[in-house]
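*Asks:* Mind having a look at this structure? Questions to follow.
The values are calculated or read from the model by the stated rules, or taken from the named source; none is laboratory data. No experiment lies behind these values; they were computed from the predicted model shown. For neighbour counting, all protein chains shown are included, and Cβ atoms are generated from backbone atoms with ideal geometry for every residue, glycine included. Protein only, heavy atoms only, side chains kept; ligands, DNA and RNA dropped before computing areas. Shrake-Rupley method; radii C 1.70, N 1.55, O 1.52, S 1.80 Å.
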Amino acid sequence: MSFNTFGKMFRFTTWGESHGPAIGCVVDGCPPNIALSQKDIQKDMNRRRPGKSKFTSQRKESDEVEILSGIFQGKTTGTPISMIIYNEDAKSRDYETIKDKFRPGHADYTYFKKYGIRDYRGGGRQSARETASRVAAGAIAKKVLQNKIGKKFKVIGAVIQLGLLGCNIKNWKDKEIQKNSFFCPDKSVTKLWEKYLLGVRKSGSSCGAIIEIRASGIPIGLGAPIYSKLDADITAALMSINAVKGVNIGSGMYSALLSGLENSDEIRQKGKKIFFKSNNAGGILGGISSGQDIIASFVVKPTSSILLSRKTINKKGKNTEISVKGRHDPCVGIRAVPIGEAMMNCVLLDHYLMNKAQCK
């Protein structure tokens, strides 16, 4: 299997399977002399790990990161940073009864047809367990960007829609996101969301979600047109996350509903300050950051592993039925928030370094 590496100048390669002994990643291209500790990475790992609430998978993983290389005396050395995360609570027996069946909505069928073999234990490499390694890499990227850009730099994500239920974006409060189990920025809807998701779980099904990522303090000029546009790379990064089926930058696909008068972001100057009167472009024009907040949203499909019986085929091509038992998220999109933040951080650092190399 190829293509396990992401990025150009700031790169990371992930490895490992859901039910193997460990997963991990190797980060390359990190600048030297950046203060970095295991605690810096662990903060984000704890936000993604399963078993934190009744609304996520009850698999119990501490997701504790061990740094193997690339750090000396509390600072990055500029050499590859290798990290390992041990799997502690894999229950492969949960998959024994369905090992010869293809789970609808999963990549079981395509993996088997492509490679002629698949790891049926939780999906192996196709499992969202792999995203823990991305969050570790993203934590490093965030630390570097905070060092290079300063305190004004921030990336924060939130769930803005849970299944059929949305929230009021005007009520967005960063502090509220950390106070509830849904990463929801609008306090007024969390009780309703809780009742809704409990109902979804009780029915044996699942629901999807929409996550919005906001990046502020971004310098003008990140992005390399034509074939490495900042929005193109952000889209590719977010689309690479398991179960993501669509990405918007700014108004995105909703731009089709606007007129040219409504969609174009007017530019004004007041004193020495230049500002935009709106941000339909999501902070990116012509593939280059404009200095506005970068706004991206992505759609996570409903969790495919559900208790309700579904029709499928087995490895011999015979028709059968399947019900997936075990520990699964009723809405996998909830834990996608720190993953989306991590991928945004990695893309922004990658383009920051490329911009410095060419233009500064």
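*Asks:* Rounded to the nearest whole Å², what accessible area per residue is found for the stretch 179-281 with the 1.4 Å probe?
*Replies:* Heavy-atom SASA per residue in the stretch 179-281 reads 58 Å².
*Asks:* Taking the stretch 137-253 as the region of interest, what is the percent of Cα-Cα pairs per 5 angstrom bin, listed from the shortest bin to the one with the maximum distance?
*Replies:* The distribution over the stretch 137-253 is 2, 9, 16, 19, 19, 16, 10, 5, 3, 1, given as percents.
*Asks:* Expressed as an acute angle from 0 to 90° and rounded to the nearest 10, what is the orientation of the C-alpha long axis of helix 190-202 relative to the principal long axis of the chain?
*Replies:* So the helix axis and the longest Cα principal axis differ by about 30 degrees.
*Asks:* Using the Karplus equation 6.51 cos²θ - 1.76 cosθ + 1.60 (θ = phi - 60°), what ³J(HN,Hα) coupling, rounded to whole Hz, does each residue of the stretch 267-283 give in order, writing x for Gly and Pro?
*Replies:* For the stretch 267-283, the Karplus curve yields 10, 9, 10, 10, x, 9, 9, 9, 9, 9, 7, 7, 9, 5, 6, x, x Hz.
*Asks:* So what is the relative contact order of the chain, in percent, for Cα pairs below 8 Å that sit 6 or more residues apart?
*Replies:* About 22 percent, as a whole number.
*Asks:* Then there is this: Against the globular-protein guess of 2.2 N^0.38 Å, express the Cα radius of gyration of the stretch 29-160 as a ratio, rounded to two decimals.
*Replies:* Against the empirical 2.2 N^0.38 Å value, I get 1.28 for the stretch 29-160.
*Asks:* Another question about this same structure. Grab the beta carbon distance between Lys151 and Lys318, set R0 = 56 Å, and tell me the FRET efficiency rounded to 0.05.
*Replies:* That gives a FRET efficiency of 0.40.
*Asks:* Please work out whether the stretch 174-241 counts as rounded, prolate or oblate from its C-alpha gyration tensor, where a ≥ b ≥ c are the square roots of the eigenvalues and a/c under 1.5 means rounded, while otherwise a/b larger than b/c means prolate and anything else oblate?
*Replies:* The shape class here is oblate.
*Asks:* Would you please give the residues with an amide H less than 5 Å from that of Ser69, counting only those at least 5 places away or on a separate chain, with H modeled from the backbone geometry?
*Replies:* Hits under the 5 Å cutoff: Ser82.
*Asks:* Just the number, please: Stokes-Einstein D of the chain in µm²/s, Kirkwood Rh from C-alpha pairs, 10 °C, 1.306 mPa s.
*Replies:* 74 µm²/s
*Asks:* Testing the spin-label approximation: label points 7 Å from Cα along Cα→Cβ at Ala357 and Ser240. State their distance in nm.
*Replies:* So the label points at Ala357 and Ser240 sit 1.6 nm apart.
*Asks:* Quick one: pull the percent of accessible area on the chain belonging to carbon and sulfur, 1.4 Å probe, ligands and nucleic acids left out.
*Replies:* 54 percent
*Asks:* Here is a further query. Please determine, in degrees from 0 to 90 and to the nearest 10, the orientation of helix 336-359 with respect to the longest principal axis defined by the Cα atoms of the chain, where the helix direction is its Cα long axis.
*Replies:* 40 degrees
*Asks:* Right, something else. Helix 131-149 versus the longest principal axis of the chain: what is the Cα-based angle in degrees, 0 to 90, to the nearest 10?
*Replies:* Tilt of helix 131-149: around 10 degrees.
*Asks:* A further question follows. Can you pull the one-decimal nm distance between simple spin-label points at Tyr115 and Leu257, each 7 Å off the Cα toward Cβ?
*Replies:* 4.0 nm
*Asks:* Now a separate question. Compute the distance in nm between two label points, each set 7 Å from the Cα along the Cα-to-Cβ direction, one at Ala35 and one at Ser2.
*Replies:* Once both label points are built, they end up 4.3 nm from each other.
*Asks:* Report the full-extension gain for the segment Lys43 to Lys195: residue separation times 0.36 nm, less the Cα-Cα distance, to one decimal in nm.
*Replies:* 51.9 nm
*Asks:* Over the chain, with a Gaussian network built from C-alpha contacts below 10 Å, which listed residue (Gln178, Gln292, Gln73) shows the highest mean-square fluctuation?
*Replies:* Among Gln178, Gln292, Gln73, the largest mean-square fluctuation in the Gaussian network model of the chain belongs to Gln73.
*Asks:* Test of understanding: in a Gaussian network model of the chain with alpha carbons linked when under 10 Å, which of Lys179, Lys316, Lys229 would top the mean-square fluctuation ranking?
*Replies:* Result for the chain, Cα springs under 10 Å: Lys316 fluctuates most.
*Asks:* Under the definition of Cα pairs under 8 Å and six or more residues apart, what whole-number percent is the relative contact order of the stretch 240-360?
*Replies:* 21 percent
*Asks:* Here's a follow-up. What number, in percent, do you get for the relative contact order of the stretch 1-139 if the mean sequence gap of Cα pairs under 8 Å and at least 6 apart is divided by its residue count?
*Replies:* 32 percent
*Asks:* How about the stretch 159-201: which chymotrypsin sites (Phe, Trp or Tyr not before Pro) there are in a DSSP loop, with at most 15 other Cβ atoms within 10 Å of their Cβ?
*Replies:* none
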